1. List every residue pair whose Cβ atoms sit under 9 Å apart, with the two residues 6 or more apart in sequence or on different chains, where the first one lies in region B:308-325 and is among the β-branched types (V, I, T) and the second, anywhere, is part of a loop (DSSP other than H, G, I, E, B).
2. Checking A:G137 against (1) assigned to a helix (DSSP H, G or I); (2) touching a His at 6+ places or on another chain (Cβ under 9 Å); (3) surrounded by fewer than 24 Cβ atoms within 10 Å (Cβ to Cβ), which single condition isn't satisfied?
3. For region B:180-210, which positions are within 7 Å of chain A (Cβ to nearest Cβ) and outside any helix (DSSP H, G or I)?
4. Quick test of your reading of the structure: A:F197 fulfils all but one of (1) crowded, with 24+ Cβ neighbours inside 10 Å; (2) at the interface with chain B (Cβ under 8 Å from one of its Cβ atoms). Name the failing condition by number.
5. Against the definition (hydroxyl-bearing (S, T, Y), more than 21 Å from A:L185 (Cα to Cα) and not in a helix (DSSP H, G or I)), how does B:S315 come out, yes or no?
6. Go through region B:73-111 and give me each residue that's out of contact with any Asp or Glu (no Cβ under 8 Å at 6 or more places or on another chain), at pLDDT below 65 and of a type in the set (S, T, Y).
Amino acid sequence: MSDPGPTPSPEQSAETGTLAARLALKQRAGGIIVPIVTVLFAFVMSFIVLAATQRSFHTALLAFKEIFEGTGLNWIFHPTTNLITSIAAYNLSQTLLETTTLILTGLAVAFAFRCGMFNIGGQGQYLVGLIIANWVGVDFAGLNSFVHILLAISAGTLAAAAWAGIAGVLKATVGAHEVITTIMLNWIAFWFGEWLFGAGGPLQNSTDASNPVSNQVSPGARLPDFWGPQGFQGLHIGIFIALAALVVFWALLNRTTLGYEVRAVGFNPDAAAYGGINVKKNFIRAMAISGAFAGLAGALDMLGGTTNYQFGQLDIPFSQVGFLGIAVALLGRNTAVGTLFGALLFGALLYGTNHGLGSGSVIQPELAGNLTYIIQGLVVLFVGADILILYVWNSRKRLRRKPPAKSTKAAQAPA
Amino acid sequence: MSTWAARLDNPVSARLRDPAVSGFLGIFLGAFAAFLAIPPIEARTVTWPILVGIVAAVLGVWTVTRGRRRLGWGAVAAGVIGIALGIAATRSSTGNLDAVFDATLIAQTLGLTTPLLFGAIAGIFSERSGVVNIGLEGMMLMGAFWGVYGADRGGTWVVGLLVAAGVGGLLALVYAFFAIHLRSDQIVGGTAVNFLAVGITGYFFVQLYNNAPVPSGVSLLPNVHIPGIGHFLGAAIGDLNILTWAGFALVIVSYVVLFKTPIGLRIRACGEHPRAADTVGINVYAIRYGCVVLSGILVALGGMYLSEGPEGNGSFIFNMTNGRGFIALAAMIFGNWRPAGAFGAALLFGFSDALALKLQVYSPQAATMFRSLPYVLTLIAVAGVIGRTVAPAADGKPYAKQ
């Protein structure tokens, strides 16, 4: 497997001389330009699909305009803080809600990537976060609100960390590939959820036995909204927690010994082991931290009420945010800032396509949601290929004394 | 002592003394212990399951003492579980037992095995040549949708089969280009394929069929009727789908191709050591392209069974594979990248699915738990509790020509 992603930080490169520093700068520039090109390409492709199937250029243009308005990003043209009167402001708040979740699921994937692992289990860890946060949020109802929220969030986060930790332990002890184990853990979490919320399940609601959903989180455990009136499903304070998580992610990786070890293992486990780093310990640690981010996403979603504080059997198959995190992290090059922008893009896309075209006046609303999947797939496909560009670029840098005929040829192909 | 050893030195008894044999025999007997208490044998006393289970456990302990620890403990566990299930079964009423364990359970198991089997064999071809195929799920979904579309527009299931195979192969070709020529990360590429397939099938489902079920009367994959084989066998295998039989044939064919022919040797060489294969003149890229495209075709046929088989009844549902591609992947791993092993694993997973369907009436809770069994078993298998699974050495590693 080619090394996915982590580019050497400029500080590291600068130590090796001016040429390397210049190369690092160039690479960083490429690191911004290539994702943008990828996204543009994905949009153009989906535009072509839309125009070809609707047999109308105009309809496709209109659809994209509606998607843009659906994201609420047109809010910047006439900003207002009143969510009730302004549709744009409301859409924007919903886009930011999606972004909150995607920042965290993106970070989950990115953190494991930095340790050289592919955490494809963000979805399962997210589900564990949802489930545990719901359980704690429903029970322990007598607690002080602040304590209750804190307890529910930390329980969800820790449970997901432990869930992901299973994959880490299996990789460290018996060398089981984390992609296989996390896929299996995803589906175990999925069926576990179905069992919990299904008919007669332990977490099924206590009022309607025919309805496979959970109880509502008790009012004291709900995250307060700060944009929009309480109970209006506006923007809750979770976005600040997600932004804080971005800072934590950055600081953890770049300013702590733990982060240094994680990155060293990610660059080259053999070299790290030779340098005295306990590789196995880092596999487990990185996987657990990665799961914690996804679990936090689940806990915030549950307490923040995107699914009306309930969660059920019917919601489980439709939630895809854990998988979207892969696209977010890859697009964001596994960095904190990149993840933020990746999450914004996909958050906007997710809400914009599903609700912007909801009126059905331009194209069928059901088409729109599927358009998101197509765009998402194209982005991942081409970002995956673009990892190669960086890889080739790096190897060219390493081997620049040798004739780089083959590498340049390969590098041109995917662009 | 020496005569005793000499007498045992002939090949047959030497094989019997092999701890691997006793271990597998133990596991088999453990399963048999549970089987004794259910129809058609249906022993009504706990004696037989316990007796057979104990034999299984003893064989397991013997195996452990001969050095095959994992296999031995597996046999012990099988014996104990067999006893427990046997006792549980004898305690429940015969009426319920007859309803759950009858010949249709076999037919249902084989039916549910079919898509998994196609997927697992598809995965084996791709991964034996050195390309990880996480995109099985997506390619299966493509087969499910375009198979119906082809059968609907072409008027016959044969057209559907061709369309499904073509579209599956095409998506696999795109994936192969990224995985082989562009040397992009294969997990990332496979994930992208899964997203793309959900989007493409969902989009065209809405576009072409307005999100409604495909009109009835679509030509379905036919069943093969085998008359005159008795009541029990007739209900069990007398009316299986054509693709189910094709799946059985596929196991044999793929085994022969992979392990008994020169082309199979080449495929495996590309998956174990592509550089060495390249050195002796094998075109690694060509082999890998061929295998990935074949993999896409096969898994798409498995997907078509979902929508066009007897259970699907000619209707497509959004994201209808619902993880079956991943179960196929699990069956491939559980079967240790071998056709026969994958068949066994697919059968086991198909059985747990069929049992879950049957149990739905009595206990939805137990049924749901059964659905997670394949994933739990695979997790245990990759953890190395029941023998180690070993992937091809160059699996997932892009190869750069020199």
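1. Taking only residues 6 or more apart or on different chains, the pairs are B:I317/B:P213.
2. Answer for A:G137: the failing condition is (3).
3. B:L182, B:R183, B:S184, B:D185 - these are the residues of region B:180-210 that are within 7 Å of chain A (Cβ to nearest Cβ) and outside any helix (DSSP H, G or I).
4. (2)
5. On the way: hydroxyl-bearing (S, T, Y): yes; more than 21 Å from A:L185 (Cα to Cα): yes; not in a helix (DSSP H, G or I): yes.
Yes.
6. Across region B:73-111, the qualifying residue is only B:S93.
Every residue, every condition in (1) modelled with pLDDT of 95 or more; (2) more than 14 Å from chain A (Cβ to nearest Cβ); (3) over 19 Å from B:L240 (Cα atoms), yes or no:
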| residue | (1), (2), (3) |
| --- | --- |
| B:C270 | no, yes, yes |
| B:T279 | no, yes, yes |
| B:V292 | yes, yes, yes |
| B:I297 | yes, yes, yes |
| B:A300 | yes, yes, yes |
| B:P310 | no, yes, no |
| B:F318 | no, no, yes |
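To keep it simple, each residue is scored yes or no on (1) in contact with a Gly (Cβ under 6 Å, 6 or more places away or on another chain); (2) more than 27 Å from A:V379 (Cβ to Cβ).
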position	(1), (2)
B:G155	no, yes
B:A164	yes, no
B:A172	yes, no
B:I200	no, no
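The values are calculated or read from the model by the stated rules, or taken from the named source; none is laboratory data. Because the structure is predicted, anything quoted here is derived from the model rather than measured. Neighbour counts are summed over all protein chains in view; Cβ atoms, including those assigned to glycine, are modelled from backbone coordinates with ideal geometry.
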